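Trainee: Sharing a structure here in structure tokens format.
The values are calculated or read from the model by the stated rules, or taken from the named source; none is laboratory data. Quick caveat, the model's predicted, so the values are computed rather than measured. Cβ: placed from backbone, ideal geometry, glycine included. Neighbour counts: every protein chain shown.
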Amino acid sequence: MIIDAWAQHPTLRHSQDPMFESLRRWTRRSIPEEAIPLSATLDAMQAGQVDQALISAWYAPRNVMISNDEVAEFVAQAPERLIGVGSVDISRPMEALREVRRCVQELGFKAIRVLPWLWEVPPTDRRFYPVYVACCELGIPFCTQIGHTGPLMPSEVGRPIYLDQVALDFPELKIVAGHIGYPWTDEAIAVATKHENLFIDTSAYTVRRYPPQLIEFMRGHGRSKVLFGTNYPMIPPAKALEGLEILGLDDQAQGLFLAGNAQRVFGL
């Protein structure tokens, strides 16, 4: 079984946003003129033998690129394949708190994701803390991004060390830190090793681009700490998994990486 811990079925608003122009240059893709049909996302999952994908909303300052209700509509069309991940506007703390609860209690989502670089503040910023409290109360993971940003936004807020303080303040909070944390991969591994409930996902990187120290971590004491992710549609699942055998994972480590860790962390 394979579970994609970080994906999104993009709306046209998301796909066309000027923020992603640098990524479009890197991936050599033009600005899409039409929204990707849900069938295309499901076909890409099938081509990569991905059984389930956690698809997320995208909330940025004054800009909802993919709403929680849109994610719920996508999930309703393929409930066996897609799992909802909500997002919120952290500039409105009480509204964010209520929206986290709605996402879980009414929409059935399994996690909340907020990206520090979109808000240009680190995850230790006070505006994140009501979200952490709500996630703890509801028993769901908080997902975020660590490492260098592809879009032309400040990367420093993605330093993994910021999550050290968050995990100290909320030891019961499960934190899934996406995008490996490069160029601070050692820092990411250190905080994931230190904190029982802090995990790394490999989204936005293909297998052939995993840093050597992450691979070593996955083979050894970090086998229960790393989740497979794609950041689809940036990277299709089949492309993300190409060359999986070069990781040299034993059967247990590979099973945990591809699905087992996600099942446990997200309560699937």
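Trainee: Checking the condition closer than 21 Å to ASP4 by Cα, among the hydrophobic types (A, V, I, L, M, F, W, C) and free of Cβ contacts under 8 Å to residues at least 12 places away in the same chain, which residue from ALA76, ALA72, ALA44 passes?
Mentor: Details: ALA72 fails: free of Cβ contacts under 8 Å to residues at least 12 places away in the same chain; ALA44 fails: free of Cβ contacts under 8 Å to residues at least 12 places away in the same chain.
The conditions single out ALA76.
Trainee: Now, a different point. When you go through ILE90, ILE83 one by one, which is the residue that is in contact with a helix residue (DSSP H, G or I) (Cβ under 8 Å, 6 or more places away or on another chain), modelled with pLDDT of 95 or more and part of a loop (DSSP other than H, G, I, E, B)?
Mentor: Going through ILE90, ILE83 in turn, just one is in contact with a helix residue (DSSP H, G or I) (Cβ under 8 Å, 6 or more places away or on another chain), modelled with pLDDT of 95 or more and part of a loop (DSSP other than H, G, I, E, B): ILE90.
Trainee: Moving on. When only residues in segment 189-217 that are assigned to a helix (DSSP H, G or I) and within 18 Å of the chain's Cα centre (by Cα) count, which is surrounded by the fewest Cβ atoms within 10 Å (Cβ to Cβ)? Walk me through how you get there before you give the answer.
Mentor: Of all residues in segment 189-217, those assigned to a helix (DSSP H, G or I) come to 189-194, 207-209, 212-217.
From the residues that got through so far, the ones that are within 18 Å of the chain's Cα centre (by Cα) too are 189, 191-192, 207, 209, 214.
Values: ILE189: 24, VAL191: 24, ALA192: 25, VAL207: 17, ARG209: 13, LEU214: 22.
Checked segment 189-217; the qualifying residue surrounded by the fewest Cβ atoms within 10 Å (Cβ to Cβ) is ARG209.
Trainee: Tally up the residues in segment 19-42 that are touching a Pro at 6+ places or on another chain (Cβ under 9 Å), exposed (fewer than 14 other Cβ atoms within 10 Å of the Cβ) and at pLDDT 95 or above, please.
Mentor: Selection size over segment 19-42: 1.
Trainee: Hey, another quick one. Within segment 239-268, how many residues are outside any loop (DSSP other than H, G, I, E, B) and either within 18 Å of the chain's Cα centre (by Cα) or at pLDDT below 95 (or both)?
Mentor: Kept after step one, since they are outside any loop (DSSP other than H, G, I, E, B), are these residues of segment 239-268: 239-241, 244-247, 251-266.
Next, from what is left, pick out any that are either within 18 Å of the chain's Cα centre (by Cα) or at pLDDT below 95 (or both): 239-241, 256-266.
Counting residues in segment 239-268 that are outside any loop (DSSP other than H, G, I, E, B) and either within 18 Å of the chain's Cα centre (by Cα) or at pLDDT below 95 (or both) gives 14.
Trainee: Would segment 94-116 turn up any residue that is assigned to a loop (DSSP other than H, G, I, E, B), of a type in the set (Phe, Trp, Tyr) and surrounded by 21 or more Cβ atoms within 10 Å (Cβ to Cβ)? Quick ask: steps written out before the conclusion?
Mentor: We begin by selecting, within segment 94-116, every residue assigned to a loop (DSSP other than H, G, I, E, B); these are 106-110, 114-115.
Now narrow it down to the ones that are of a type in the set (Phe, Trp, Tyr): 109.
Narrowing the set further to residues that are surrounded by 21 or more Cβ atoms within 10 Å (Cβ to Cβ) leaves 109.
Yes, segment 94-116 contains a residue that is assigned to a loop (DSSP other than H, G, I, E, B), of a type in the set (Phe, Trp, Tyr) and surrounded by 21 or more Cβ atoms within 10 Å (Cβ to Cβ).
Trainee: Take segment 69-80 and flag every residue that is part of a loop (DSSP other than H, G, I, E, B) and surrounded by 14 or more Cβ atoms within 10 Å (Cβ to Cβ).
Mentor: Going through segment 69-80, the residues part of a loop (DSSP other than H, G, I, E, B) turn out to be 78-80.
The answer is ALA78, and nothing else.
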